[in-house]
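Got a structure here, written out as structure tokens. Questions coming.
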Amino acid sequence: MTKPVCVIIGVGPGNGAAFARKFSTQGYQVALCSRNETYLNELANDISGAAIYAYDAADPNSAKTVLPCIASDLGAIDVLIYNAGAGRFGNIDNLTTEDFENAWRVNALGLFAAAQQVIPGMRAKGKGNIVVIGATSAVKHNADFSAFTSAKSAQRAVTQSLAKHLGPDKVHVSYVIIDGVIDLKRTRQAMSDRPDDFFLKPHEIANAVHFLTQQDQSAWTFELDLRPFGEKW
């Protein structure tokens with residue numbers, strides 16, 4: 001029996017790696033997509049059968065070329081996890097128009113381009129999941145996040161539009177708001193005074209994302225907020 005296919009766009013040592021490990025252990029063939037091919041090769045050595053693909057989320061041509069290649073290599077895509085995110089932090093006085101555009105290209109345009117490529121295969125199967133990894137900035141807009149927050153807001157809007165459009169086709173589209181600091185080596189070093197329970201654990205985020213993809217269509221979640229118990233909100 002052919003394994004279902006999970007594509008993860010935006011794979012790094014935190015959530016992306018955790019998604020890959022979780023879905024692999026649940027019987028999926030995983031395709032890892034990132035600009036950092038060196039890291040992808042390292043991660044693929046730890047995940048049986050993982051396939052790696054160079055991918056630039058800011059360039060719609062990546063979606064047009066890489067995602068059809070994945071479908072040809074592995075089979076029709078069952079789950080797309082859009083984990084790509086970028087944005088320089090600052091207010092309108094100290095950011096450039098290029099900063100603003102790049103945040104939008106990765107978070108919103110990149111999602112739109114990727115979704116266009118996987119939707120036909122999911123429609124043909126009569127099922128599928130698109131999970132978009134967002135941030136608190138999608139719903140809370142602070143002065144020093146002007147590029148990032150506008151891009152994440154646009155991403156959330158695209159996701160909601162997709163959810164309403166694709167629901168009748170039995171394609172479940174969901175948005176995960178990450179509210180807190182991810183437990184990574186660099187965040188631990190930068191916040192060495194913080195206790196363990198201050199950080200969001202990537203493997204627990206991955207468990208929640210996998211749960212979304214297993215929901216019955218009679219009770220689908222669109223938006224899921226994830227935060228440590230002590231996070232202010």
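From the residues 166, 136, 198, which one has its Cα farthest along the dipole of segment 5-226 in the positive direction, the dipole being from +1 and -1 charges on Cβ of Lys/Arg and Asp/Glu about the Cα centre?
Positive-most Cα among the choices belongs to 166.
Rounding to the nearest 10 and keeping the result within 0 to 90°, find how far the Cα-based axis of helix 146-166 lies from the longest principal axis of the chain.
30
Continuing with this model, one more query. Roughly how many debye, to the nearest 20, is the charge dipole of segment 5-226 about its Cα centre, given +1 on each Lys and Arg Cβ, -1 on each Asp and Glu Cβ, and no other charges? Numbers along the way, then the final one.
On the way: 19 positive and 22 negative charges, 95 e Å.
Dipole magnitude for segment 5-226 comes out near 460 debye.
Between residue 157 and residue 144, what length in nm is gained on full extension when 0.36 nm per residue of separation is reduced by their alpha carbon distance?
Details: separation 13, 0.36 × 13 = 4.68 nm, distance 2.11 nm.
Extra length from residue 157 to residue 144 when fully extended: 2.6 nm.
For the pair residue 54 and residue 96, what calculated FRET efficiency results from E = 1/(1 + (r/R0)^6), where r is the Cβ-Cβ distance and R0 = 41 Å, to the nearest 0.05? Show your work: numbers first, answer last.
Details: r = 27 Å, r/R0 = 0.66.
FRET efficiency, residue 96 to residue 54: 0.95.
Now a separate question. Stretched out fully, how many nm does the piece from residue 217 to residue 169 gain, at 0.36 nm a residue minus the Cα gap?
On the way: separation 48, 0.36 × 48 = 17.28 nm, distance 1.09 nm.
Difference between extended and current length: 16.2 nm.
Can you give me the long-range amide H partners of residue 184? Hydrogens built in the peptide plane at 1.01 Å from N, cutoff under 5 Å, separation of 5 or more residues or another chain.
HN-HN under 5 Å from residue 184: empty list.
Here's a follow-up. I'd like the orientation of helix 60-74 relative to the chain: the angle between its Cα long axis and the longest Cα principal axis, in ° from 0 to 90, rounded to 10.
Helix 60-74 sits roughly 40 degrees off the main axis of the chain.
No value in this document is a laboratory result; all are computed from the given coordinates. Note that the coordinates shown come from a computational prediction; the quantities given were computed from them, not determined experimentally. Please note: Cβ atoms are built from the backbone with ideal geometry, for glycine as well, and neighbour counts cover all protein chains shown.
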